[in-house]
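Here the structure comes first, spelled out in structure tokens, and everything after it is commentary.
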Amino acid sequence: MMDLFSFKRFFAVILKEFIQMRRDRMTFAMMAGIPVMQLLLFGYAINSNPKNLPAAVVSADHGTFSRSIIAAMQNSEYFRFSYKVDSAEEAEQLMKEGELQFVVHIPPDFSRQLIRGERPQLLLEADASDPAAVSYAVSAFSSLASTALNRDLKGTLSDLRQNEAPFEPVIHRKFNPEINTQANTVPALMGVILTMTMVFITALAITREKERGTMENLLATPLKPTEVMAGKIVPYIAIGIVQVTLVLLLAEFLFKLHVNGSILLLYFVSIFFIATNLSVGITFSSLAKNQLQAVQMSVFFFLPSIILSGFMFPFRGMPEWAQAIGSVLPLTHYLVIIRGIMLKGNGFAEIQSHFTAILIFFAAVLVLGILRYRRTLD
Amino acid sequence: MSELVIDVTGIVKKFSGRTVVDRLSLKVRRGEIFGFLGPNGSGKTTFIRMLCGLLTPDAGEGKCLGYNILKDQNIIRRHAGYMTQKFSFYEDLTVRENLDFIARIYDVPDRKKSIIETMEKLNFSSRANQLAGSLSGGWKQRLALAACLLHKPELLLLDEPTAGVDPKARREFWDEVHKLASEENMTVLITTHYMDEAERCTRLAYIAYGKLLAEGTLAEVISSSGLYTWSVSAPQKELPAMIRKLQADKAVLQAAPFGNTLHVSGTDKSATENAIKTVCAGVQELSVEEIESGLEDVFIHLMDKGKDNFQ
Ligand SMILES: Nc1ncnc2c1ncn2[C@@H]1O[C@H](COP(=O)(O)OP(=O)(O)OP(=O)(O)O)[C@@H](O)[C@H]1O
Ligand SMILES: [Mg+2]
């Protein structure tokens, strides 16, 4: 009579689902793997108060004061003076390439002016294209001014400690003077969007053929692995280019962000970045047994990409190991390139090393994918 | 004329330790329509996949179209047409788009014309723009055949091409296959579970548990089986009891009802005859007559025998 809900039937379904879940080891592994990875990445790699940011000194004054100031900055743990630069030009170049976050300029006569109580200026240049990365360090620098020289200013000089700080800290935010966070986020979003959509689209490309049985037919034809892969990558490059154009247009009209560098260069690099992500997807696709597995692999690639690339959190603020993983990922390099071209007006010379990193990743993935593509059903 | 199109020996295929094709040797001559039969799971599909390079044999060697099946898979792929057991064309493409795709892959000369000709030949013209996924089962099979024929292969490997196809369409399908074999000298290796289709083949092979159990023309296969068959007709109500008794007898290998008659077979002629006499004793309106064993009787017999050998 009451046949609305049968617990037997209900139980039958539960049982079946458990059996299927157990059979699909890959899904099982991912179910455990994704939360573990996420926890580790968010828990350890993320540092919302980034420290040890790369800095350099351009000094025209070699007195003890300047040395003490640098030492105090280093002690604050926000700055890491890892580069020795010989000129302001060299420092500027390194900053454009994204290697340096800060440059301290010590003017000539700094020590002399300081002793005379003239409160000389001390200039800190900060790469503000990522405002979050530098904000703590910048305020640390400002507060440092009054205390850094306490030990040096003794005896007759102790008067200088009395009132204001003995020198005047000046901060110059480069590339994004209005500290506009959109300026940082919008170009980066382009990379994130491309990574997400491109990897997912092709991840399903070959598994779909496998699941529908059309793979058997494809394999029985003279088609070569490279032909199948290239044939599945190229159409989506066009879609990727449309996405890039869309983001650029929105950036221009909604956020008033212009491309300072060459648009042509931007598209050129983007095409390779798109192709790289597509080949990641294709490779997942030839590894996965079904579409679900392919999607899971894509998530597995996507998560570290957004967390460790410098999109969510300042790259230089992450621990060494996280930076090491991040520097393998194409998105990391694309972010530096795209921010460089859009905000700093970088040319090819400044982005070259990051572009090479993307190409190496692209080649490695492509080779793996072609090797893994089975020409048989074994 | 007697050029060998398929000539393989000692082919073995194992899936995770389980032998699925066991030292199979097969010779097929040009222009033959070779029937490849065997029960479900006997390894037919697996064997065909090895012929066209979709699976790698664990042992054995041989030639297909004169090319080494272990090394020249690429050339074999170009000259053979393989129709898979499961429909494997794109359901989200139309008939014409599917054919066009295949024609481009094989670089068929005069592509547009070939496609139109193929569609006309198989009566597809009115369905050219229909999505393949919306075709009925029989039409899907036809599309698959049409696609296999586009590049004019010398060897057709058809894996259960007529499963689920109505009798008239099956008849037409076989007429087409015969025409291809005689007019274009195509060689056809075809698997089927239909006995009437097996009888339309020029030669047959029967495999079970991956082993070749019989090979030859229809008559050769039947006579080499050494199976004798009788048709016993008796009143309907007597049949169940008779079947039970016959099946209990060791000499009787098969006893199966066909309408109002029983087909009883065995390899030991006199022992089987005795068994029938014993069982029939006292039954009214009886008639017993020896008939020629049918292919089905032979195959069921081979299947049972194969199982004994296997275990
Ligand atoms: N990829 C595979 N992995 C593991 N076992 C397989 C695989 N393909 C086939 N088999 C096994 O090999 C055996 C032979 O399968 P095959 O498909 O060749 O049989 P078949 O003769 O074509 O059967 P049918 O008449 O049902 O189509 C079966 O037992 C099957 O389970
Ligand atoms: Mg089969």
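The values are calculated or read from the model by the stated rules, or taken from the named source; none is laboratory data. All figures in this text were calculated on a predicted structure; none of them were measured in a lab. Counting neighbours? That spans all protein chains shown, and the Cβs are built from the backbone with ideal geometry, glycine included.
Descriptive notes on the structure:
Each row is one residue, and each column tells you yes or no for (1) within 21 Å of residue B:116 (Cα to Cα); (2) touching a Phe, Trp or Tyr at 6+ places or on another chain (Cβ under 8 Å).
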position: B:142; (1), (2): yes, yes
position: B:150; (1), (2): yes, yes
position: B:160; (1), (2): no, no
position: B:168; (1), (2): no, no
position: B:181; (1), (2): no, no
position: B:185; (1), (2): no, no
position: B:188; (1), (2): no, yes
position: B:196; (1), (2): no, no
position: B:202; (1), (2): no, yes
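- You will find that of B:156, B:131, B:122, B:135, the residue that is under 17 Å from the mean Cα position of the chain (by Cα) and away from ligand 1 (no atom under 16 Å from the Cβ) is B:156 and no other.
- The stretch B:59-94: number of residues that are touching a Phe, Trp or Tyr at 6+ places or on another chain (Cβ under 6 Å) and touching a residue at least 12 places away in the same chain (Cβ under 8 Å): 1
- In the stretch B:121-138, of all residues being in a helix (DSSP H, G or I) and farther than 23 Å from residue A:211 by Cβ, the one that is nearest to the other protein chains (Cβ to nearest Cβ) corresponds to B:138.
- Selection from the stretch B:27-45 of residues that are closer than 17 Å to residue B:6 by Cα, touching a helix residue (DSSP H, G or I) at 6+ places or on another chain (Cβ under 8 Å) and within 16 Å of ligand 2 (Cβ to nearest atom): B:35, B:36, B:37
- Scope the stretch B:91-121; condition out of contact with any Lys or Arg (no Cβ under 8 Å at 6 or more places or on another chain) and hydroxyl-bearing (Ser, Thr, Tyr); matching residues: B:94, B:114, B:118
- Selection status of residue A:284, part of a helix (DSSP H, G or I), surrounded by fewer than 22 Cβ atoms within 10 Å (Cβ to Cβ) and modelled with pLDDT of 90 or more: no
- Look at (1) buried (at least 22 other Cβ atoms within 10 Å of the Cβ); (2) at the interface with another protein chain (Cβ under 10 Å from one of its Cβ atoms) and you find that residue B:99 fails only one, number (2).
- Counting only strands (runs of 3 or more DSSP E) that sit completely within the stretch B:13-76, those holding 3 or more residues that are buried (at least 22 other Cβ atoms within 10 Å of the Cβ) and within 16 Å of ligand 1 (Cβ to nearest atom) correspond to B:33-37.
- Of everything listed in (1) within 14 Å of chain A (Cβ to nearest Cβ); (2) assigned to a helix (DSSP H, G or I); (3) under 26 Å from residue B:197 (Cβ atoms), the single unmet condition for residue B:118 is (1).
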